[in-house]
Amino acid sequence: MPIKERPDATARADEIALAGLTFLAGDGERIAGFLEATGMDPSGLRDAVKRKDFGAGVLAYILSDEPLLLVFCAHANLDPQQVARAHDLLSPPADPDAVVRRH
């Protein structure tokens, strides 16, 4: 039986994801890049925020751009490993029947 993450660890991961979204939204170029990368518009963003896996998507976007990740970490006083761990905690479980699997 796999070890389940503690609820406080998941809550902290949610806080980091929210900080990431706030960081992106605080700068017009950053949020525009996020919207472009995801194919969303502002109204789609409002709907997407309600999805359970949205925080993982925000962190995946930040993690995909090292300079952005480093600026976010400096802004939020975080270590990049904390962001990566939060992403892992918030990511949906791998589907064993999927063609492409997460490692």
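Observations
- Scope region 18-32; condition closer than 13 Å to His75 by Cα and either loosely packed, with under 12 Cβ neighbours inside 10 Å or of a type outside the set (A, V, I, L, M) (or both); matching residues: Gly20, Thr22, Phe23, Gly26, Asp27
- Here Leu78 fulfils each of the conditions (1) in a helix (DSSP H, G or I); (2) modelled with pLDDT of 95 or more apart from (1).
- Residues that are under 14 Å from the mean Cα position of the chain (by Cα) and charged (D, E, K, R), drawn from region 35-65: Lys50, Arg51, Lys52, Asp53, Asp65
The values are calculated or read from the model by the stated rules, or taken from the named source; none is laboratory data. Just so it is clear, the model here is predicted, and its values are computed rather than measured. Cβ coordinates were reconstructed from backbone atoms using ideal geometry, including for glycine residues, and neighbour counts include every protein chain displayed.
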